[in-house]
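First the structure, in the form of structure tokens, and then the observations on it.
The values are calculated or read from the model by the stated rules, or taken from the named source; none is laboratory data. Being a predicted model, the structure only gives us computed values, none of them experimental. Here Cβ is always computed from backbone atoms with ideal geometry, including for glycine, and neighbour counts include all displayed protein chains.
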Amino acid sequence: MKNERQPLNGFSKLSKFEKIDLVVKHYFSDSELVKNQFKNFWHDDENVQRTLDEFSENTLTNFPFPMGVVPNLKLNDELLCVPMVIEESSVVAASARSANFWLSRGGFHAEVISTVKSGQVHFIWKGESSEKLQSYFESIKEELLNETKPLTSNMEKRGGGVLSLALIDRTKDEPGYYQLSAEFETCDAMGANFINSILELLGRTFKEKIATASELSESERDVQIVMAILSNYTPKSRVRAWVQCKIEDLNDPSFGMEASEFAEKFARAIRISKIDVTRATTHNKGIMNGIDAVVVATGNDYRAVEACAHAYAARDGQYRGLSDVTVENGLFTFSLEIPMAIGTVGGLTSLHPLARLSLDMLGRPNAHDLMKVVAAIGLAQNFAAVRSLVTSGIQKGHMKMHLMNILNHLEANEAERESAKVHFENEIISFKSVREYISHLRHYV
């Protein structure tokens, strides 16, 4: 049955209290209870709450996620405590387990390969000669770049700025379609606003110059700017993380097999992620479990990092697993090379109080060092997942962590929780089995 609700006109202009009242009135039955639930998650500090409200639009309340840490991550011979914000408990536990495993085997290593980002002015030009447009572009290229100087001067002082500008002919794909494609170095900033501001200025300036170009005929002086926007695909901004040890040093009683057998099974699992898209998708999701959690904790854009990683995974036309392994010459080497654009200045990295704390915890890294941390955690998470898959299976550890969520749902008291943890140490965990066990305990109390 269709509801007969009317549009909530002028909603964005209302105060937060008025927004809550209106939403509750239209969409909930127990109005007072719901109002209190919204308000229960407001921050006690009014200044902090005001800051959080200003991050978004039409805010009613906060949606808390747990912030955990991975202690003992040895990265490039330095011990770190890495913050992670994620609601899936097994992720932090798995990353911490990997960090401890590799602590005595040389730790993690990482290096930044490059940090070049890009953006495009997409436009339509209906002239007949792309060579003529290319020639005209080359004649005004320096003028276009000079027009951006007021916006790039501060970034240039820090070693960044516009690195290149080119005209790209895409008319084979779409009639009249060209790009002004620019590359950027944004130093410790993710750089989205910087890049977009420059691209919009380039688009306006290019259009103005074309309109008055004496070298072009009247019909050639019309440019339609479609859009000017950075690309979240940053294959030239990449980081590589890896672990390496002798095959015999992989020995661990929890594997239930010899180190050489574990290494081969692990390598086979990685090869399958390169072959089969159904496995590759889940494989990469596991990597992003770790990466996203650190990206969120440090106030960066996890959606951009996700989109870029998945595009990169399909760069040769087939979607593949992002991590690699070699087992040769007596060495086991597990690595991850991934593009990402993140920063340590600007945006939420400075404004969100917990993002600031996260960066403080990491020793105030620059963007390069944060890329290394993020990649290392992605690799740690992937190692933990594949390790479980080829040994005990993924559910044993995962469901033990999930047990606490089930007990919370059943509102188990402390005695029931402790009893359940002991009982399910070697039992199959499911919602049904836990519910029946708690019911049994309560029946005999």
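Tabulated data for the structure shown
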quantity: Which numbered condition Lys141 misses (of (1) in contact (Cβ under 8 Å) with a residue 60 or more places away in the chain; (2) surrounded by 13 or more Cβ atoms within 10 Å (Cβ to Cβ)); calculated: (1)
quantity: Which listed residue is assigned to a helix (DSSP H, G or I), loosely packed, with under 14 Cβ neighbours inside 10 Å and touching a residue at least 40 places away in the same chain (Cβ under 8 Å), from Asn146, Asn193; calculated: Asn193
quantity: Qualifying residue in the stretch 40-48 (condition: surrounded by 12 or more Cβ atoms within 10 Å (Cβ to Cβ) and in contact with a His (Cβ under 7 Å, 6 or more places away or on another chain)); calculated: no
quantity: Failed item in (1) more than 26 Å from Leu357 (Cα to Cα); (2) in contact (Cβ under 8 Å) with a residue 24 or more places away in the chain; (3) buried (at least 17 other Cβ atoms within 10 Å of the Cβ), with Val24 passing the rest; calculated: (2)
quantity: Unique match (being out of contact with any helix residue (DSSP H, G or I) (no Cβ under 9 Å at 6 or more places or on another chain) and either outside the structural domain of Asn193 (by TED's automatic domain parsing) or within 28 Å of Phe262 (Cα to Cα) (or both)) among Gly290, Gly317; calculated: Gly317
quantity: Residue identified as touching a residue at least 40 places away in the same chain (Cβ under 8 Å), in a helix (DSSP H, G or I) and under 25 Å from the mean Cα position of the chain (by Cα) among Ala99, Ala110; calculated: Ala99
quantity: Looking only at the stretch 407-445, and only at residues there that are touching a helix residue (DSSP H, G or I) at 6+ places or on another chain (Cβ under 7 Å), among the aliphatic types (A, V, I, L, M) and farther than 24 Å from Ser392 by Cβ, the one that is modelled with the lowest pLDDT; calculated: Leu441
quantity: Test: Ile338 is touching a residue at least 12 places away in the same chain (Cβ under 8 Å) and either in contact with a strand residue (DSSP E or B) (Cβ under 8 Å, 6 or more places away or on another chain) or assigned to a helix (DSSP H, G or I) (or both); calculated: yes
quantity: Qualifying residue in the stretch 345-356 (condition: in contact with a Ser or Thr (Cβ under 9 Å, 6 or more places away or on another chain), crowded, with 23+ Cβ neighbours inside 10 Å and either of a type outside the set (A, V, I, L, M, F, W, C) or not in a helix (DSSP H, G or I) (or both)); calculated: no
quantity: Matching residues, the stretch 320-344, being more than 21 Å from Gly107 (Cβ to Cβ), of a type outside the set (A, V, I, L, M) and within 15 Å of the chain's Cα centre (by Cα); calculated: Pro339, Gly343, Thr344
quantity: Which listed residue, of Ala280, Ala241, is of a type outside the set (Phe, Trp, Tyr), surrounded by 18 or more Cβ atoms within 10 Å (Cβ to Cβ) and part of a helix (DSSP H, G or I); calculated: Ala280
quantity: From Val345, Val325, Val305, residue being in the same structural domain as Ser254 (by TED's automatic domain parsing) and under 29 Å from Lys265 (Cβ atoms); calculated: Val325
quantity: Cβ-Cβ under 7 Å pairs, at least 6 apart or on other chains, the stretch 46-66 side outside the structural domain of Glu88 (by TED's automatic domain parsing) and without any contact (Cβ under 8 Å) to a residue 24 or more places away in the chain, far side acidic (Asp, Glu) and surrounded by fewer than 15 Cβ atoms within 10 Å (Cβ to Cβ); calculated: Pro66/Glu87
quantity: Failed item, numbered, when Asn154 is tested on (1) within 30 Å of Val374 (Cβ to Cβ); (2) assigned to a strand (DSSP E or B); calculated: (2)
quantity: Test: residue in the stretch 383-392 that is part of a helix (DSSP H, G or I), among the polar types (S, T, N, Q) and over 17 Å from Gly321 (Cβ atoms); calculated: no
quantity: Odd one out for Ile225, checked against (1) in a strand (DSSP E or B); (2) buried (at least 20 other Cβ atoms within 10 Å of the Cβ); calculated: (2)
quantity: Residue among Leu103, Leu33, Leu73, Leu8 that alone is surrounded by fewer than 17 Cβ atoms within 10 Å (Cβ to Cβ), hydrophobic (A, V, I, L, M, F, W, C) and modelled with pLDDT of 95 or more; calculated: Leu103
quantity: Output for the stretch 31-78, where each listed residue is under 23 Å from the mean Cα position of the chain (by Cα) and of a type in the set (A, V, I, L, M); calculated: Leu52, Met67, Val69, Val70, Leu73, Leu75
